Amino acid sequence: MKYHQFFWAITSAMVMASTIHAADARYSAKHIQKINIFAPSSSNPAWEDKKWLDCDDVILTEEDVRYALQHIRRISEKAYFSEENMDRSGCSGGASVTFKSGKIIVMDIEPTGRIRIFEANRKLEPLGVPSRYYDCAPCNKRKMNLLQDALDRATERRLKELKRQGRLPP
């Protein structure tokens with residue numbers, strides 16, 4: 001009897017773990033027909049902090065879009081815009097994704113894993129359906145690992161600035 005309970009507990013834990021970052025079934029990566037990266041790198045001057053990460057170092061790729069669609073987790077609009085819950089880099093990239101069904105979505109993806117999606121027409125104009133907001137913790141980890149060189153350069157800039165200000169010994 002104990003073996004059965006143990007097996008059930010392990011199976012339940014595995015199912016829960018696999019659904020924590022389950023993708024949104026509406027936007028299955030398996031049904032992608034075309035990805036168009038229309039803004040590989042952009043910045044929001046109000047949020048960009050070049051001391052932390054220069055947005056010119058952050059380039060959105062098709063692989064990033066596919067990975068995001070496989071790992072996104074829907075969150076509320078409130079959580080998306082929450083200062084406490086979401087990291088912001090001020091950097092993002094934009095892509096449109098056309099699915100085999102003809103559905104088109106536009107994605108705004110930040111390297112921190114913040115993602116906004118809206119459904120669009122062929123001219124990439126919103127269809128009137130409200131935007132959906134997502135978090136993608138695996139995307140954040142993956143992109144930050146890929147951006148390690150950029151983060152190291154930002155650290156160098158911070159150290160040079162501190163040295164210039166005399167706050168670090170020569």
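The values are calculated or read from the model by the stated rules, or taken from the named source; none is laboratory data. A quick note: this is a predicted structure, and the numbers were derived from the prediction, not measured. Positions of Cβ are backbone-derived with ideal geometry, glycine not excepted, and every protein chain shown enters the neighbour counts.
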Legend entry - Cross-chain or 6+ apart pairs with Cβ under 8 Å, the stretch 156-168 first and in contact (Cβ under 8 Å) with a residue 40 or more places away in the chain, then assigned to a loop (DSSP other than H, G, I, E, B) and surrounded by 11 or more Cβ atoms within 10 Å (Cβ to Cβ): ARG157/LYS50; ARG157/LYS51; ARG158/LYS51; GLU161/LYS51
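Give me the residue from the stretch 115-152 that is charged (D, E, K, R) and assigned to a strand (DSSP E or B) and, out of that set, nearest to PHE99 (Cα to Cα).
This residue is GLU119.
Each row is one residue, and each column tells you yes or no for (1) over 30 Å from GLU161 (Cβ atoms); (2) of a type in the set (D, E, K, R); (3) in contact with a strand residue (DSSP E or B) (Cβ under 6 Å, 6 or more places away or on another chain); (4) at pLDDT below 95.
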| site | (1), (2), (3), (4) |
| --- | --- |
| THR61 | yes, no, no, yes |
| HIS71 | yes, no, no, no |
| GLU77 | yes, yes, yes, yes |
| ARG88 | no, yes, no, yes |
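If I ask for residues that are touching a Pro at 6+ places or on another chain (Cβ under 8 Å) and hydrophobic (A, V, I, L, M, F, W, C), which ones from the stretch 140-170 would you list?
Here is the first cut: in the stretch 140-170, the residues touching a Pro at 6+ places or on another chain (Cβ under 8 Å) are 140, 143-144, 147, 163.
Within the stretch 140-170, MET144, LEU147 qualify.
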Inset, instruction - Residues being without any contact (Cβ under 8 Å) to a residue 60 or more places away in the chain, of a type outside the set (Asp, Glu), part of a loop (DSSP other than H, G, I, E, B) and touching a helix residue (DSSP H, G or I) at 6+ places or on another chain (Cβ under 9 Å): count how many of those fall in the stretch 85-102. - result: 4
Legend entry - Any chance ALA150 is surrounded by 12 or more Cβ atoms within 10 Å (Cβ to Cβ), out of contact with any Phe, Trp or Tyr (no Cβ under 8 Å at 6 or more places or on another chain) and at pLDDT below 95: yes
Legend entry - Residue among THR112, THR155 that is assigned to a helix (DSSP H, G or I), within 15 Å of CYS55 (Cα to Cα) and among the hydroxyl-bearing types (Ser, Thr, Tyr): THR155
Inset, instruction - All but one of (1) farther than 18 Å from ILE32 by Cα; (2) surrounded by fewer than 19 Cβ atoms within 10 Å (Cβ to Cβ) hold for PHE118, so report the exception by its number. - result: (1)
Inset, instruction - Mind counting the residues in the stretch 61-84 that are among the charged types (D, E, K, R) and either surrounded by 15 or more Cβ atoms within 10 Å (Cβ to Cβ) or in contact (Cβ under 8 Å) with a residue 24 or more places away in the chain (or both)? - result: 6
